[in-house]
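Single-structure report; data block below.
The values are calculated or read from the model by the stated rules, or taken from the named source; none is laboratory data. All of these numbers come straight from a predicted model, not from anything done at the bench. Ideal geometry is used to build each Cβ from the backbone, glycine not excepted, and the neighbour counts take in all protein chains shown.
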């Protein structure tokens, strides 16, 4: 396992642990579903860091035990986030090198724009303090957070990867 993969795996585990705790505290998922999703997460991680290796994706897609819109609305209401759909949004050129699939799947977060010292970041994992800490440290400056769906993050990552491959 490469150093980058190992550090992203560690980040993924912290991010998901803190997300799970927050989801239970905000009554968005019950403890039984969280425990089952955590077990499934460890099974999925045996194959590496993939888009399936996320607590939220397991709760949404496999278990269908969380309402993603309730999560987003709560983040907007309680934390003052904006909301963005990246499917039709152009990713700023300076942000593209920061969009690595393993990192995106570890944090379910992508930076999408930059204006001077402001970084605009879309996330499905805002409730995970580990995710916010990681990106705020990595980007420096002021981070403006936006809530988005898992599908929106997936679309942005896939698009950036496909565009990079075309340029090679």
(request) Just give me the residues in the stretch 49-79 being within 20 Å of residue 151 (Cα to Cα) and out of contact with any helix residue (DSSP H, G or I) (no Cβ under 7 Å at 6 or more places or on another chain), in sequence order. (result) 61, 64, 67, 69, 70, 71, 72, 73, 74, 75, 76
(message) Please go through (1) in contact with a strand residue (DSSP E or B) (Cβ under 6 Å, 6 or more places away or on another chain); (2) surrounded by fewer than 13 Cβ atoms within 10 Å (Cβ to Cβ) for residue 47 and return the number of the only condition it doesn't satisfy.
(response) (1)
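Residue-by-condition table, conditions (1) in the same structural domain as residue 157 (by TED's automatic domain parsing); (2) without any contact (Cβ under 8 Å) to a residue 60 or more places away in the chain; (3) surrounded by 18 or more Cβ atoms within 10 Å (Cβ to Cβ); (4) not in a helix (DSSP H, G or I):
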site: 7; (1), (2), (3), (4): no, yes, no, no
site: 10; (1), (2), (3), (4): no, yes, no, no
site: 15; (1), (2), (3), (4): no, no, yes, no
site: 21; (1), (2), (3), (4): no, yes, no, no
site: 37; (1), (2), (3), (4): no, yes, yes, no
site: 53; (1), (2), (3), (4): no, yes, yes, yes
site: 56; (1), (2), (3), (4): no, no, yes, no
site: 60; (1), (2), (3), (4): no, no, yes, no
(request) Kindly provide the set of residues from the stretch 113-143 that are part of a strand (DSSP E or B) and surrounded by 15 or more Cβ atoms within 10 Å (Cβ to Cβ), ordered by number. (result) 113, 114, 119, 120, 121, 122, 123, 143
(request) Considering every residue within the stretch 136-155, establish whether at least one is under 13 Å from the mean Cα position of the chain (by Cα) and without any contact (Cβ under 8 Å) to a residue 24 or more places away in the chain. (result) no
